[in-house]
Each structure stands twice: as C-alpha cells, then as structure tokens.
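Note sheet for the following structure.
The values are calculated or read from the model by the stated rules, or taken from the named source; none is laboratory data. Computed from a predicted structure; not experimentally measured. Every residue, glycine among them, receives a Cβ derived from its backbone with ideal geometry; neighbour counts consider all protein chains shown.
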Amino acid sequence: MLSLVLTVATFWFRAPLLAWHNHLSTALLRLCDIPLGDSAQVEVFAPIGSAEVATTSVFRLRQQPLRVAILFVGAVLALLAVYGRVELARNFILFLLVLLLTAAAVMVFSGAEITSAEFSQIWLRGEILVWLLLPWFSAGLLVVLQPAAWPGLIWAVLMQAYGFFWSAIRLAFCLGVLHYSGLLFMPLLWFALGLLADVLYIVVFLSWSTRVAGFFAWGRRISWQF
C-alpha cells in the first residue's frame, strides 16, 4: 500500500517535483559560477509531459583541442593508477576506460555534439523512472526488515526524498563538467553518477536500515535475558 501511495504521489506531483529539481540544479550551477543561458523545455515521456531545464554553453573540441588532450591523458592516467592499486575495481576501471575512449573517438572523428538541454532530457528520463520504481524497492528492501511499520515508512520516505535531491545535485555537477569539457566525460559520468549512483544509495539505505533494525532488535533480546 505504501509503495502504491508513494508512486501515485510522485506521478501526481510530477510537475512541481521536476520544477523543484530544476530550481535546485540551477541554484547549484549559479553557486559554482557556471554561466547559464535561458531555460529550455524538454519532453520527458508522453504520460509525464515536459520539464524546464537549465542550459549552459557546452565546450567544443575545436575551441581548445589541447584542453581535451590534457583532460583525456589525465583521466586515463588517473584510471590506470586506480587500476594498479585496487584489484577488485579492475573490471570496472576497464569499463570506464572503454567509455572514455569511445567518447574521445566520437569527439575527434565524428564531431558529434550534445547540448546541455539534451543531456538533461536523457537524465530526467532515467531519473523519473527511478523515482516511480523506488517505492517498490523500499517495500521489498526496507519496510519488510523493520520491526514495525512506522520505521519502514520513515526509511521509505527518506530514500525517496534523498533520491530526488541527490539527482538534482548530480545533474548540476554533470552540466558543469559538460560546460568545461564537452562530451568527453559524459558517457562515463552518465553511467557512474546515473544508474550506478542510484543503485549505490539504495544499497546504502538498505545497509543503514538493516543496521538500525538489528540494533533495536538486539537491544530487546538483551532486555529479555534479564
């Protein structure tokens, strides 16, 4: 029931949620002195409608090819350093290297570009689906592990709110990187700060809620013994 209520509420209030999401991202971009242009309307999905997004100028390869070369070499060296030090992360680092090499090849050989509005559109299409599905993850992962219903409700609402605000922060960061480096890091950031980041905070909330539930359950067991 809780999952259905949160999903319906997210869908019903999608317009103000998307507007607040844009306001937060815009405020963070202004705070970081990222130059902004006029806002743009982008289509999310037909049932969802459109959303207003912040826009900023995007760095192009032809402006400063040397900057792209320096950023590319620096990123490759940093990833290789992590690859050499963290054995468990090697497959993941190789995947990030492939994304980085692919983006660099696209910039150099095809000249394909992306606008900030287009990136925001792709981002919102992924995140709105996460917001609609998140209550069902909460019901299956957070609520059922709690000793009572009300702690599960609190955890579910907290994770829903965190997912919303964390999405706006990540989007602002990606738009800032897009402004200074263009397409080079976008596939890597979309994966690492997009779907992967969503999975990570779900796992973190599951860990926290399980630890708290276990703490209180263990405390009650001690009191029963005495």
message: Regarding the stretch 52-69, can at least one residue be identified that is loosely packed, with under 13 Cβ neighbours inside 10 Å, under 28 Å from TYR162 (Cβ atoms) and modelled with pLDDT of 90 or more?
response: no
query: Could you say whether any residue in the stretch 62-85 is in a helix (DSSP H, G or I), of a type in the set (D, E, K, R) and over 21 Å from ALA172 (Cβ atoms)?
result: yes
Failed item, numbered, when VAL5 is tested on (1) in contact with a Leu (Cβ under 9 Å, 6 or more places away or on another chain); (2) surrounded by fewer than 13 Cβ atoms within 10 Å (Cβ to Cβ): (1)
field: Subset of the stretch 51-106 (residues that are over 23 Å from the mean Cα position of the chain (by Cα), more than 30 Å from LEU31 (Cβ to Cβ) and of a type in the set (Lys, Arg))
entry: ARG85
task: Specify the residue that is surrounded by the fewest Cβ atoms within 10 Å (Cβ to Cβ); the eligible residues are those in the stretch 123-142 that are among the aliphatic types (A, V, I, L, M) and more than 14 Å from GLY49 (Cα to Cα).
output: LEU133
field: Condition met for ILE48 (surrounded by fewer than 18 Cβ atoms within 10 Å (Cβ to Cβ), under 28 Å from LEU132 (Cα atoms) and of a type in the set (Val, Ile, Thr))
entry: yes
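Run down VAL42, VAL76, VAL106 and say which single residue is surrounded by 13 or more Cβ atoms within 10 Å (Cβ to Cβ) and in contact with a strand residue (DSSP E or B) (Cβ under 8 Å, 6 or more places away or on another chain).
VAL42 is the lone residue from the list that is surrounded by 13 or more Cβ atoms within 10 Å (Cβ to Cβ) and in contact with a strand residue (DSSP E or B) (Cβ under 8 Å, 6 or more places away or on another chain).
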